[in-house]
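Colleague: Could you have a look at this structure, given as structure tokens, before my questions?
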Amino acid sequence: MIEAKGLTKRYGATVAVDNLSFEVKPGRVTGFLGPNGAGKSTTMRMILGLDTPTSGEVTIDGQRYRDLHRPLTKVGALLDAKWVHPNRSARSHLRWMAASNKLPKSSVDKALDMVGLTSVANKRAGAFSLGMSQRLGIAGALLGDPEVLLFDEPVNGLDPEGIVWIRTFMHRLADEGRTVLVSSHLLSEMALTAEDLVVIGRGKLIAQSTTQEFVDRASGTTVKVRTPQLDQFAGVLNEQHLATRIEDVEDQGKVLFVEGDLTTDQIGEAAAAHGIVLHELTLQRGSLEQAFMQMTGDSVEYHAHEEIAAVTSLDAPDAAEVAAGPKEDN
Amino acid sequence: MSVIAVERIKLFSTRSPWWCMIIAAVLTVGLSALFLGLAPSEQKLHATITDTQGGAQLSQMVIMVMAALAITTEYRFGTIRTSFQAVPQRAALLLGKTFVVAMLSGLIGVIASFGAWAIGDLVNSSANLAIDSAAEWRLLAGRGLIFALSAVIAVAVGALIRQSAGAIVILLVWPLLVEQLVQLIPKVGDDLNRWAPFTNANSFLFQGQDVGAGGGPGDATSYAMGPWWALLYFAGWAAALMTIALVSASKRDA
Ligand SMILES: Nc1ncnc2c1ncn2[C@@H]1O[C@H](COP(=O)(O)OP(=O)(O)OP(=O)(O)O)[C@@H](O)[C@H]1O
Ligand SMILES: [Mg+2]
């Protein structure tokens, strides 16, 4: 299990990670979601002891990474596929990694085989395509047969085949009972890959829940209404304190949208009660990405508080306390 | 001692260290052959072992570049992060690297100095170039120690600067220019020069040598201390710089 408590990282004036607390449960794929610059890579570097937190701490099964003995047997990570010397062969790259953790030579061949790089193992890594580099990075992560795996945007820049390969691979790893934390800035990608989500924006925790719960919450429903008595009906609904929005939709003219997770039944009854003619009445699911952008974008401050309250009731009883409380240990 | 195995694999699995080693050895040996082979016969008669070592200073620069690159390329390509991920005990890892690079540099130093002496002896039969004093043994075998310690300094500077060009400029300008130019400072200049690290490395090698036909560096009165103390003093610089580098690498973000 990975556990972050009040994790904070400042680079000069930039606060990259801000009082972040979360847990990554074993035996599942957890998505680490946030827009560009949210602090995902920074958090992952802190998990691996590469960057030192300004305050707070992150532990793996209760131990800080820097205190791990033979860490590659506990945690495997791929943060950047380019972190390989371009003039070194794939095999030599894995050989020195294996030697560093006293892993047998056979582990190198096994890892190469697992990612399908055996035939190019003696080629210089600098000549590899992005997909091959990514596979080499994954081979490095798997070298010590670790329980915990971290991947930072592993599908970035890959072709569809590569994306499917990575996705399948992650599931296989989780099925083997490993803890997998994988970051992404695409909710749609995570919806396919991850069972749990840790969502951050501007370094702050926005939500921690199962993917299903988050998707349900993020993609609220709206009811689409077409009516010749548009303004009149909007007035009626507003009187009942319902939020409405009028938009020009191509080929359909002005269309009324009613927000707030209502059912079409409620709207239809309201129309009948006031003798409104309806041409169309449909339930619409919001776009995932749009909802996600709203949550992590400008409104990040507001949502942070709202969602932290939700988190408290879900599964991290002390998250709100840590996240909202004043910094004591600085 | 897995860190030594790690750094040995790293160093020998890219080509540039091999090139640096070959260039360093060939420079020393080749310049010795040229100098002693092409010298006028009058000069040949008075040639000494010191005269065979003209290329060693240049080789030392090449070795220092190699040593600095061993660490700066890790920062350039991001492999330092993979390294620290595999071995979070950063000081241990960097000491392993320093050990491997220093041993190799020392070996090249010895090969280069004895190689240069042997070729000099071969092309110049008119002077007696036999190694027959302790000072001459110090000059030839001691080159290995100076190369090794210079490599330690270079790794330390590379780890502190983290950037190839910057580290190399410092490592070339410092011994070749800075230590010489400080002499121009009035009053304290000569003392600064006498206490400068690379001046003492040379002092260790050249004190009490028969400078022979080519003329040698400085006269005895300009040395701050005896040769073995000078070596120790130079080693002190290397140790101090390495300590600073290790502390810095352990504290800073990778
Ligand atoms: N070494 C550094 N020095 C200064 N600022 C940094 C450093 N690393 C990250 N930052 C800043 O911290 C913030 C978070 O960056 P980070 O790379 O962690 O985000 P991210 O979520 O991984 O984004 P992306 O999706 O683009 O990879 C950014 O504003 C970034 O500019
Ligand atoms: Mg990132």
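Colleague: Pick out, from B:Ile111, B:Phe35, A:Val249, the residue whose Cα sits farthest towards the positive end of the charge dipole of the protein assembly as shown, with +1 on the Cβ of Lys and Arg and -1 on the Cβ of Asp and Glu.
Modeller: Farthest towards the positive end: B:Phe35.
Colleague: Under a no-solvent Debye model with one identical scatterer per Cα of the stretch A:1-97, what's log10 I(q)/I(0) at q = 0.14 Å⁻¹?
Modeller: -0.61
Colleague: Could I ask something else about it? Percentage of Cα-Cα pair distances in the stretch B:101-149 greater than 13 Å, rounded to whole percent?
Modeller: Everything past 13 Å amounts to 57 percent.
Colleague: Can you tell me the dipole magnitude for the stretch A:86-175 around its Cα centre, using point charges on the Cβ only (Lys, Arg +1; Asp, Glu -1), in Debye to the nearest 20?
Modeller: Using Cβ point charges on Lys, Arg, Asp and Glu, the stretch A:86-175 gives about 520 debye.
Colleague: What percent do you get for the relative contact order of the stretch B:110-254 when only Cα pairs under 8 Å and 6+ apart count?
Modeller: 28
Colleague: Do you know the relative contact order of chain B, to the nearest whole percent, from alpha carbon pairs under 8 angstrom that are 6+ apart?
Modeller: Over chain B, the number comes to 26 percent.
Colleague: Moving on to the next point. Quote the charge dipole size of the stretch A:2-214 about the Cα centre in Debye, to the nearest 20; the model charges only the Cβ of Lys and Arg (+1) and of Asp and Glu (-1).
Modeller: 860
Colleague: Would you mind computing Rg(Cα) / (2.2 N^0.38 Å) for the protein assembly as shown, counting N as its residues?
Modeller: That ratio works out to 1.35.
Colleague: Hey, in the GNM for chain A with a 10 angstrom Cα cutoff, which one of A:Gly76, A:Gly137, A:Gly260 fluctuates hardest?
Modeller: A:Gly260
Colleague: Ok, one more. Return the Rg/Rh value of chain A, two decimal places, where both radii are evaluated on C-alpha atoms and Rh is the Kirkwood radius.
Modeller: My calculation puts Rg/Rh at 1.09.
Colleague: Report the residue, chosen from A:Ala111, A:Ala273, A:Ala141, that carries the largest GNM mean-square fluctuation when chain A is represented by alpha-carbon nodes joined by springs under 10 Å.
Modeller: Highest fluctuation of the listed residues: A:Ala273.
Colleague: Which of the residue pairs A:Lys25/B:Lys97; A:Lys82/B:Lys251; A:Lys105/B:Lys251 have a Cα-Cα distance greater than 30 Å in the structure shown?
Modeller: The pairs that break the limit, which is 30 Å between Cα atoms, are A:Lys25/B:Lys97; A:Lys105/B:Lys251.
Colleague: What are the residues whose amide H is under 5 Å from the amide H of A:Ile206, where those residues sit 5 or more places off or on another chain and H is modelled from the backbone?
Modeller: It is A:Val199, A:Ile200, A:Gly201, by chain and number.
Colleague: On to the next question. How high is the relative contact order of chain A? Use alpha-carbon pairs under 8 Å, at least six apart in sequence, and give a whole percent.
Modeller: 21
Colleague: Based on DSSP loop calls and a cut-off of at most 13 other Cβ atoms within 10 Å, the longest stretch of chain A free of exposed GluC sites (Glu not before Pro) is what?
Modeller: A:1-175
Colleague: Return one quarter of the surface area of the convex hull spanned by the alpha-carbon atoms of the stretch A:121-164, equal to its mean projected area, in nm².
Modeller: 3.7
Colleague: A follow-up question, please. Per Stokes-Einstein, at 4 °C and 1.567 mPa s, what whole-number D in µm² s⁻¹ belongs to the stretch A:109-182, with the Kirkwood radius over Cα pairs as the hydrodynamic radius?
Modeller: 102
Colleague: Sketch the reach of a paramagnetic label on B:Arg76 as a point 7 Å from Cα along Cα-to-Cβ, and name the residues of the stretch B:147-171 whose backbone nitrogen lies under 17 Å away.
Modeller: B:154-171
Colleague: OK, next. Once Rh is set to the Kirkwood radius over Cα pairs, what Stokes-Einstein translational diffusion coefficient, in µm²/s, holds for the stretch B:3-251 at a temperature of 4 °C and a viscosity of 1.567 mPa s?
Modeller: My calculation gives 69 µm²/s for D.
Colleague: Going by Cα centres, the stretch B:114-162 and the stretch A:158-215 are how many Å apart?
Modeller: Each part reduced to its Cα centre gives a spacing of 59 Å.
Colleague: In addition: Return the single residue from B:Thr72, B:Thr82, B:Thr199 with maximal mean-square fluctuation; model: Gaussian network over chain B, springs between Cα atoms under 10 Å.
Modeller: B:Thr82
Colleague: Report, in degrees rounded to the nearest 10, the 0 to 90 angle that the Cα long axis of helix A:130-142 makes with the longest principal axis of chain A.
Modeller: So the helix axis and the longest Cα principal axis differ by about 70 degrees.
Colleague: Moving on to the next point. Helix hunt in chain B: which complete DSSP H runs extend at least 30 Å axially by C-alpha with mean Kyte-Doolittle at least 0.0?
Modeller: B:16-38, B:56-77, B:90-123, B:134-161, B:227-251
Colleague: How big is the C-alpha Rg of the stretch A:47-165 next to the rule-of-thumb value 2.2 N^0.38 Å, as a ratio?
Modeller: It is 1.08.
Colleague: Something else: Using +1 on the beta carbon of Lys and Arg, -1 on that of Asp and Glu, and nothing else charged, what's the dipole of the stretch B:3-251 about the Cα centre, debye to 20?
Modeller: That gives a dipole near 1220 debye.
Each reported figure results from applying straightforward, stated rules to the coordinates on display, with no laboratory input. Since the model is a prediction, treat every value here as computed from it, not as a measurement. We place every Cβ from the backbone using ideal geometry, glycine too, and count neighbours over all the protein chains shown.
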